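Bear in mind these aren't lab numbers, they're just calculated from the coordinates by the rules spelled out. Here the structure is a predicted model, which means the values were calculated and not measured. Glycine gets a Cβ as well: all are built from the backbone with ideal geometry, and neighbour counts include every protein chain shown.
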């Protein structure tokens, strides 16, 4: 079951983040080429890059949490017994689940407000609310990943082909 969930995350959030990053790469190439050779940049290129960066960051967040690849402070872990580290990991995942869940709630209320006010980007007039809703969904998925790891041990992250 965990392999299936990992595959679903990889093919949904991971692919979305990768496609957004690939689009940023091409947008930057076209923008720089246009400025250099045609003295004209991509209209709204900055706005598109900002939206795509949000997709990269928030799209990758559930997968980073799934793979347990966050930056951690573990200098005291070698002094703790395994059973204490197990409890510590579950408590940390519970706190993270609560934090990400709360952030998802806040982002949902912000997205609703942006939709209500009809906020758009300055140059291209793109609605900002769908981006905020996407951020909220990704935060909620991340919260669910951490909540799952309260009850099921998280897979260990592989570093350069070796397990830690």
* To do: Give the angle, between 0 and 90 degrees and rounded to the nearest 10, that separates the Cα long axis of helix 15-38 from the longest principal axis of the Cα atoms of the chain.
  => 30
* Structure fact -> Most exposed to least, judged by fewest other Cβ atoms within 10 Å, 13, 4 sort to 4, 13
* Considering the chain as a Gaussian network with a 10 Å cut-off on Cα pairs, which listed residue, 46, 80, 139, attains the greatest mean-square fluctuation? -> 80
* Structure fact -> Calculating Rg and Dmax of the Cα atoms in Å from this structure picks out, from (1) 17.0, 48; (2) 19.5, 64; (3) 19.8, 71, entry (2)
* Asked: How big is the gap, in Å, between the Cα center of region 9-26 and the Cα center of region 64-101?
  -> 27
* To do: Return one number: the angle in degrees, 0 to 90 and rounded to the nearest 10, between the long axis of the Cα atoms of helix 82-117 and the longest principal axis of the Cα atoms of the chain.
  => 30
* Kindly express, to the nearest 10 degrees and within the range 0 to 90, the angle between helix 129-151's C-alpha long axis and the longest C-alpha principal axis of the chain. => 10
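For region 16-72, rounded, prolate or oblate, judged on the Cα gyration tensor with a ≥ b ≥ c (square roots of eigenvalues), a/c < 1.5 rounded, else prolate if a/b > b/c? Before the final figure, lay out the partial values.
Details: a/c = 3.71, a/b = 3.18, b/c = 1.17.
Note, shape of region 16-72 comes out prolate.
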* Structure fact -> Over the chain, the sum of -39500 (n - 2.57) across DSSP H runs of at least four, divided by residue number and rounded to 500 deg cm²/dmol, gives at 222 nm -24000 deg cm²/dmol
* To do: Pop a pseudo-label 7 angstrom from the Cα along the beta-carbon direction at both residue 150 and residue 36 and give the gap in nm to one decimal.
  => 5.2
* To do: If a/c stays under 1.5 just call it rounded; otherwise compare a/b with b/c (prolate if a/b is bigger, oblate if not). Do that for region 68-151, with a ≥ b ≥ c from the square roots of the Cα gyration tensor eigenvalues.
  => prolate
